[in-house]
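Trainee: Here's a structure for you.
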């Protein structure tokens, strides 16, 4: 066991000669909150898919949660959690059914699912709504629930793809509170966002431009390096270098 | 067709309500909403998903009936004058709704012909936007990237030179650079005299509008210019910073002079209790008074609204 949750070395993915991801290298420490930023079309989604074991790289090396992404992608899937803004829970299942469904997929024992479901519903104060369809919940609640479901099986790493898009400012902050709680339990967080204030909440941030990682450091160091007052300014300086028209 | 004369207002919404039933529960999507949008102005509806923004857009574009109230667009009632309204407005829905299996140019031609016009006739209006995707005019719309889809959708919404443009969350999920570009395009359209109603969940975009309505759970929390909204906010806000931000947050929430403390990027913002006269920040905490931003006001209004 190393103290690295993710190790990536010269990872690339080429589609018909187009280098969507171009030799990226980085490491993410255990329990770290790692912000994975970049403009639309910079290659974030492609990179994330490879790390989640959903897409085979064209070249390069990577281990996620200690597993090789070529040989052990099924083990990776068991040891990570994933949620995104676009897809998280089944709208036409109830809250309880969604929890049971996801927990079942990860092979958690029924008696454990039962106890943990009660705990989770209490934590989120959703006891009364447990048998309501998820589609009827306000977005903010849905996202908080989706995050809890994504870490229900105590994964080593959770991948969050724009988890707070469109969420109100108070719930957005509640959501980050939940992220901090997860890291306190030792879960590593890999997150993308378009809110630059949220980049400040990450331990370290990488910014992708045209398939490559153009900057990687703590928010404080990046601001010093780019002589910027905010991460928003850092991002604009870096992302404007992009030549690719997505 | 009866036309209402309004010198300044391009959109008039008065006491509009709309409820849905979802299962056994009744959801108030819009609760007695009223506002006006001045001709030629850029008006922003700022609020999170589920606030009722899309419902309002669908009502104003004559696609949805409502329970109570009255709404006028460009002088026409949205119910009795829907045929006139549909000729005069451009609408870009939040979800990409062009034909994925038609090419870029075919989509644009299609929308031009529906409005009995041609691309050439109004090319000058869309040129700045369309020129950026014209190199890909033979590509199917479904194969475009997010940013290019957005530019095509905007071109299609403008091809008949509408007097009022409705843009439902055009920048959601869009990166900071493209968002800036998009707002620059809107400024250009405003200068052409087009009235624009735009919705966004990004609080920082409020400052780019002439006037904004802050909306949450079907109600308008505040309507004014962004400048007035932040300058008439009566509470004092300090930004604070310490070595361990997470610990500082928990600690600051115990301060008796702080009404609210919440993370705000690099800093935390502390809303000071109105009666507090002396503020004692602990050693090692860097604190300075700041002008509140739209997001601070929104958070405060939301808390008071919920109570």
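Trainee: Select from region B:122-163 the residues that are part of a loop (DSSP other than H, G, I, E, B), at pLDDT 90 or above and touching a helix residue (DSSP H, G or I) at 6+ places or on another chain (Cβ under 8 Å) and list them in ascending order.
Mentor: The answer is B:122, B:133, B:137, B:138, B:139, B:159, B:160, B:161, B:162, B:163.
Trainee: Identify, by number, the condition in (1) in contact with a helix residue (DSSP H, G or I) (Cβ under 7 Å, 6 or more places away or on another chain); (2) farther than 17 Å from residue B:199 by Cβ; (3) at pLDDT 95 or above that residue B:44 doesn't meet.
Mentor: Result: residue B:44 passes all but (2).
Trainee: Can you tell me how many residues in region B:235-288 are in a loop (DSSP other than H, G, I, E, B) and in contact (Cβ under 8 Å) with a residue 24 or more places away in the chain?
Mentor: Selection size over region B:235-288: 10.
Trainee: Considering only helices (runs of 4 or more DSSP H) fully contained in region A:165-236, which possess at least 2 residues that are in contact (Cβ under 8 Å) with a residue 40 or more places away in the chain and more than 9 Å from chain B (Cβ to nearest Cβ)?
Mentor: So the answer is A:169-184.
Trainee: Between A:80, A:33, which is within 14 Å of chain B (Cβ to nearest Cβ) and either closer than 23 Å to residue A:167 by Cβ or more than 18 Å from the chain's Cα centre (by Cα) (or both)?
Mentor: Result of the check over A:80, A:33: A:33.
Trainee: Would a scan of region B:181-194 turn up a residue that is within 14 Å of another protein chain (Cβ to nearest Cβ) and assigned to a loop (DSSP other than H, G, I, E, B)?
Mentor: no
Results for (1) more than 20 Å from the chain's Cα centre (by Cα); (2) closer than 23 Å to residue B:54 by Cα, shown as yes or no for each residue.
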site	(1), (2)
B:113	yes, no
B:119	yes, no
B:131	yes, no
B:137	yes, no
B:148	yes, yes
B:154	no, yes
B:164	no, yes
B:171	no, yes
B:195	no, yes
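Trainee: Moving to a separate point now. If I go through region B:206-215 residue by residue, how many of them are surrounded by 22 or more Cβ atoms within 10 Å (Cβ to Cβ) and either within 11 Å of another protein chain (Cβ to nearest Cβ) or not in a loop (DSSP other than H, G, I, E, B) (or both)?
Mentor: 5
Trainee: So residue B:300 fits all but one of (1) in contact with a helix residue (DSSP H, G or I) (Cβ under 6 Å, 6 or more places away or on another chain); (2) assigned to a helix (DSSP H, G or I); (3) within 13 Å of chain A (Cβ to nearest Cβ); what number is the exception?
Mentor: With (1) in contact with a helix residue (DSSP H, G or I) (Cβ under 6 Å, 6 or more places away or on another chain); (2) assigned to a helix (DSSP H, G or I); (3) within 13 Å of chain A (Cβ to nearest Cβ) applied to residue B:300, the lone miss is (1).
Trainee: Now a separate question. Can you pull out the strands (runs of 3 or more DSSP E) entirely within region A:15-112 that have at least 1 residues that are modelled with pLDDT under 95?
Mentor: Fully inside region A:15-112 and qualifying: A:18-29, A:33-38, A:80-84.
Trainee: Here is a follow-up. Confirm whether residue B:246 is within 14 Å of another protein chain (Cβ to nearest Cβ), under 30 Å from residue B:57 (Cα atoms) and modelled with pLDDT under 95.
Mentor: no
Trainee: Would you please name the residue that is surrounded by the most Cβ atoms within 10 Å (Cβ to Cβ), looking only at residues in region B:64-88 that are within 20 Å of residue B:154 (Cβ to Cβ) and in contact with a helix residue (DSSP H, G or I) (Cβ under 8 Å, 6 or more places away or on another chain)?
Mentor: B:73
Trainee: Filter the strands (runs of 3 or more DSSP E) completely within region B:6-103 down to those with at least 1 residues that are within 14 Å of chain A (Cβ to nearest Cβ) and free of Cβ contacts under 8 Å to residues at least 60 places away in the same chain.
Mentor: B:9-22, B:25-38
Trainee: So is residue B:227 within 11 Å of chain A (Cβ to nearest Cβ) and either in a strand (DSSP E or B) or without any contact (Cβ under 8 Å) to a residue 40 or more places away in the chain (or both) or not?
Mentor: no
Trainee: Any idea which of B:276, B:234, B:288 is at pLDDT 95 or above and either surrounded by fewer than 20 Cβ atoms within 10 Å (Cβ to Cβ) or within 12 Å of chain A (Cβ to nearest Cβ) (or both)?
Mentor: Only one candidate passes the filter, namely B:288.
Trainee: Separate question: Within region B:186-197, how many residues turn out to be surrounded by 18 or more Cβ atoms within 10 Å (Cβ to Cβ) and over 14 Å from residue B:39 (Cα atoms)?
Mentor: 1
Trainee: Identify, please: which residue in region A:134-151 is buried (at least 18 other Cβ atoms within 10 Å of the Cβ) and either outside any helix (DSSP H, G or I) or more than 14 Å from chain B (Cβ to nearest Cβ) (or both) and is, among those, farthest from the chain's Cα centre (by Cα)?
Mentor: Restricting to residues being buried (at least 18 other Cβ atoms within 10 Å of the Cβ) and either outside any helix (DSSP H, G or I) or more than 14 Å from chain B (Cβ to nearest Cβ) (or both), the top hit is A:137.
Trainee: Could we say that residue A:122 is assigned to a helix (DSSP H, G or I), surrounded by fewer than 18 Cβ atoms within 10 Å (Cβ to Cβ), away from chain B (no Cβ under 14 Å) and touching a residue at least 12 places away in the same chain (Cβ under 8 Å) here?
Mentor: Considered against the rule, which asks whether it is assigned to a helix (DSSP H, G or I), surrounded by fewer than 18 Cβ atoms within 10 Å (Cβ to Cβ), away from chain B (no Cβ under 14 Å) and touching a residue at least 12 places away in the same chain (Cβ under 8 Å), residue A:122 comes out as no.
Trainee: Name the residues in region B:8-27 that are within 11 Å of residue B:66 (Cα to Cα) and at pLDDT below 95, would you?
Mentor: Once the filter is applied, which keeps residues that are within 11 Å of residue B:66 (Cα to Cα) and at pLDDT below 95, region B:8-27 yields only B:20.
Trainee: If residue A:157 satisfies every condition in (1) at the interface with another protein chain (Cβ under 10 Å from one of its Cβ atoms); (2) crowded, with 19+ Cβ neighbours inside 10 Å but one, which is the exception?
Mentor: (1)
The values are calculated or read from the model by the stated rules, or taken from the named source; none is laboratory data. The model shown is predicted, which means the values in this text are computed figures rather than measured ones. Counting neighbours? That spans all protein chains shown, and the Cβs are built from the backbone with ideal geometry, glycine included.
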